[in-house]
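Data first, discussion second: the structure below is written as structure tokens.
The values are calculated or read from the model by the stated rules, or taken from the named source; none is laboratory data. Here the structure is a predicted model, which is why all the values come from computation and not from measurement. For neighbour counting, all protein chains shown are included, and Cβ atoms are generated from backbone atoms with ideal geometry for every residue, glycine included. Please note that ligands, DNA and RNA were not included when accessible areas were found on the heavy atoms of the full protein model with its side chains. Shrake-Rupley method; radii C 1.70, N 1.55, O 1.52, S 1.80 Å.
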Amino acid sequence: MGDVSPARGGDFSAWFIDQFATYWQSGGGARIEGRIAGYLLISESPGVSAEELAIALDTSRGSVSNYIRRLIDRGFVKLVRKPRDRSHYYVMDSDVWGGFLENEHQYLENQRTLATEALQYANPNGPAYIRVLNMRDYMGWIIDNRMLGSEWARFKEVRDGAVRDGPVQDEAGQDSAGPAPE
């Protein structure tokens, strides 16, 4: 399918949703789930109904309902209500990625706890023991070295201050938009 990016005169929304869904699917998610997430990510609406999503994404209402529940369960989408309206509407939080980090942190903690408990029962001389030991220590290493939530909050504080004061720079001193053109 050639280059349909906005730079080539393509529609931004269609291009973004398609690209987002492709990346989502490459990470193991369902393509329609990625299309829903991509649509909500760039939506300017205070809430989109399942019917609106089905029409905009040319998919069944049942698929939307099924995948929207998964996105809600994983913290990517929120259900919102409008006054005097019995319909359900869906949005993404302005910091959906911070919510994702919170869920990821909880997942890592739960996996580490499971591995710690499992080590009590695994044969210390067997191959499973070292795999479970590595599981426990890997989860702990990520938790200890990435400081997921606090580092993200710190990054946003720096970024938001820089937005007022100038471009954000990364650890190498490059503007967040990348190196300056030569």
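Computed from phi, the 3J(HN,Hα) profile of the stretch 126-141 under the Karplus parametrisation 6.51, -1.76, 1.60 (θ = phi - 60°) reads x, x, 5, 4, 5, 5, 6, 4, 5, 4, 4, 6, 5, 4, x, 4 Hz, with x in place of Gly and Pro.
Applied to the stretch 34-45, the Karplus parametrisation 6.51 cos²θ - 1.76 cosθ + 1.60 on θ = phi - 60° returns per-residue 3J(HN,Hα) values of x, 5, 5, 4, x, 4, 5, 4, 9, 5, 8, 6 Hz, with x for Gly and Pro.
Rounded to the nearest Hz, the phi-derived 3J(HN,Hα) couplings of the stretch 79-86 under the Karplus curve 6.51 cos²θ - 1.76 cosθ + 1.60 (θ = phi - 60°) are 8, 10, 10, 10, x, 6, 9, 8, where x marks glycine and proline. With the convex hull drawn over the C-alpha atoms of the stretch 1-128, the volume per residue is 175 Å³. Once the Cβ-Cβ distance of Asn110 and Ser87 is raised to the sixth power relative to R0 = 41 Å, the FRET efficiency obtained is 0.75.
Distances between placed amide hydrogens fall under 5 Å for Tyr90 paired with Val48, Ser49, Val80, all partners being 5 or more residues away or on another chain. Placing Ser49, Ser150 in order of accessible area, with the largest value first and a 1.4 Å probe, yields Ser150, Ser49.
Fully extending the segment from Ala128 to Ala30 would add 32.1 nm, taking 0.36 nm per residue of separation and subtracting the current Cα-Cα distance.
Placing +1 on the Cβ of every Lys and Arg and -1 on the Cβ of every Asp and Glu, with nothing else charged, gives the stretch 1-145 a dipole about its Cα centre of roughly 420 debye.
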